[in-house]
Structure formats: C-alpha cells, structure tokens
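Handing you this structure, nothing more for now.
The values are calculated or read from the model by the stated rules, or taken from the named source; none is laboratory data. Keep in mind the model is a prediction, meaning the values are calculated, not measured. Here the Cβ is made from the backbone with ideal geometry for all residues, glycine too, and neighbour counts use every protein chain on show.
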Amino acid sequence: MSKKNPDALTKQDLVKILNKKVGLTHAFALESVNAMLDAIADALISGQHCEFRDFGVFTTTLHKPRIGRNPKNPSQTYQVPGRRAVRFKPGKRFRDGLRKSTGA
C-alpha cells in the first residue's frame, strides 16, 4: 500500500498480487502491468475506448472551452481552454459489488 495513502492500491501492489496469485516473477509482473497500462493510455490518447467486460469502460470526453470568473472579483474573466478528460463507467458486476460493499 502507498505510504501517502494506505488505502491506495499502487502499481507495485499489483505486481505483488500477480507475483503471488499467478506466480509471475517480479520483473515479468512489472513488465506486464506497465505494458497493460501503456496500452490503455495509448488507446485513450488515440481516441479509442477501452472496454473490459464486467469491470467497466474507459472513454474520453471533450470539455468545451469556457469563460471563467475570478471568485474574489467576478468582473474579472479569463478563457478556460477546452480539454480532453478520461471518464470511467463501471460494469454491472463492478457496480453490484460496490453496492454490496456500501450496503446500498
């Protein structure tokens, strides 16, 4: 777990899980995790979406440019540029697991 946030699952934690559950060497598990994360990032950057059945779908959305205001001086405005952002929509089994864990 992360030193900054003990509840966070880190890349190194995933490597250790692969090492224990699948029996991969540390080096091969690290290479596998890096390759998977790189493939997801490359697909999203190129405009594709990443769909993992029962887990969820990663997509990108476009936030349009807009006019921002200074909260301390509302008459002062500035241009906020448009940007792409990643969105995650959990799959059914994942959503159901979250509901069960929260008691909702």
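Taking the conditions exactly as written (in a helix (DSSP H, G or I) and under 19 Å from residue 10 (Cα atoms)), does residue 37 satisfy them or not? Please lay out each step first, then the result.
On the way: in a helix (DSSP H, G or I): yes; under 19 Å from residue 10 (Cα atoms): yes.
In short, yes.
Could you list all residues from the stretch 47-83 that are basic (Lys, Arg) and either farther than 21 Å from residue 36 by Cα or in contact with a helix residue (DSSP H, G or I) (Cβ under 6 Å, 6 or more places away or on another chain) (or both)? So that I can check it myself, show each step before the final result.
Of the residues in the stretch 47-83, the ones basic (Lys, Arg) are 53, 64, 66, 69, 72, 83.
Matches in the stretch 47-83: 64, 66, 69, 72, 83.
Test each condition in (1) exposed (fewer than 11 other Cβ atoms within 10 Å of the Cβ); (2) in contact with a Gly (Cβ under 7 Å, 6 or more places away or on another chain); (3) of a type outside the set (Val, Ile, Thr); (4) at pLDDT below 90 for residue 54 and report the one that comes out false.
The single condition residue 54 does not satisfy is (1).
Another question, then. Looking at the stretch 60-70, is at least one residue under 16 Å from the mean Cα position of the chain (by Cα) and part of a loop (DSSP other than H, G, I, E, B)?
Initially, the stretch 60-70 is screened for residues under 16 Å from the mean Cα position of the chain (by Cα), giving 60-61.
Cutting the leftovers down to part of a loop (DSSP other than H, G, I, E, B) gives us none.
Within the stretch 60-70, not a single residue is under 16 Å from the mean Cα position of the chain (by Cα) and part of a loop (DSSP other than H, G, I, E, B).
Would you be able to say whether some residue in the stretch 26-41 is free of Cβ contacts under 8 Å to residues at least 24 places away in the same chain, surrounded by 11 or more Cβ atoms within 10 Å (Cβ to Cβ) and over 22 Å from the mean Cα position of the chain (by Cα)? Explain how you work it out, then say what you get.
To start, the set of residues in the stretch 26-41 that are free of Cβ contacts under 8 Å to residues at least 24 places away in the same chain comprises 26-36, 38-41.
Still in the list and also surrounded by 11 or more Cβ atoms within 10 Å (Cβ to Cβ): 26, 28-34, 36, 39-41.
From the residues that got through so far, the ones that are over 22 Å from the mean Cα position of the chain (by Cα) too are 26, 28.
Scanning the stretch 26-41, I find at least one residue that is free of Cβ contacts under 8 Å to residues at least 24 places away in the same chain, surrounded by 11 or more Cβ atoms within 10 Å (Cβ to Cβ) and over 22 Å from the mean Cα position of the chain (by Cα), so the answer is yes.
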